[in-house]
Amino acid sequence: MNKSLIIASAGLLCIVLILAAGCTQPATPPVTPTPTPVATTVPSTPTPTPTSVSSTPGPTQTLPEIWSLDVQVRGNGESIDPQIIATVQGGKGLNFILQVDVRVTRPDGIVENGIIAKPLSVGKSVSLPVTSQMGNVNRVEVWATNPQGEKVKIFDDYVPFRTYN
């Protein structure tokens, strides 16, 4: 009996020492949260930028077959609020192309820029304001950024805001 009393007392003493050791450690200071930077978003309406960019269409390039991308560029036909709309129509490159950049050079020298960002999907588009002057006066350029980060000009032509068929 004496032996079991000594073992029980030693076990109880060990438990008390373990609990006391945990209680005597200094408390960790309260963690002050660091402010998380808020991500700024690009405004959805493009801002006009006057520039001296050429209004004459130039040569375009073709994306490799595995990165091919179809983009339709057309005018909305409204004279009150004339817009050029660039829409992704599909292609094998939907999952690979990083983004599509669209630039409209108006005859008054103002350049409108827009981006169709990843993830690309059929029907995703960007709309940019143009002039309502009749004829082919609004130059539209479309670039696709390939997986290596290189921009490839896939469209460069005049696009009227309204067509008559």
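Only the coordinates and a few stated rules stand behind these numbers; no lab work does. No experiment lies behind these values; they were computed from the predicted model shown. Positions of Cβ are backbone-derived with ideal geometry, glycine not excepted, and every protein chain shown enters the neighbour counts.
Net charge near T87, counting Lys/Arg +1 and Asp/Glu -1 over other residues with Cβ under 10 Å of its Cβ? Net local charge, T87 excluded: +1. Each residue of the stretch 61-73 was assigned a 3J(HN,Hα) from its phi angle through the Karplus expression (A = 6.51, B = -1.76, C = 1.60, θ = phi - 60°), giving 10, 10, 6, x, 3, 6, 10, 4, 8, 9, 10, 9, 10 Hz with x at Gly and Pro. Electrostatic tally near V159: other residues with Cβ closer than 11 Å to its Cβ, Lys and Arg +1, Asp and Glu -1, net 0. For the pair the stretch 80-100 / the stretch 103-145, the C-alpha centres are spaced 10 Å from each other. In summary, the lysines within cross-link reach of K151, defined as a Cα separation below 25 angstrom excluding same-chain residues under 8 places away, comprise K92, K118, K124. The string of couplings for the stretch 137-142 from the Karplus curve (6.51, -1.76, 1.60, θ = phi - 60°) is 10, 9, 8, 10, 10, 10 Hz, one whole number per residue in order, with x for Gly and Pro.
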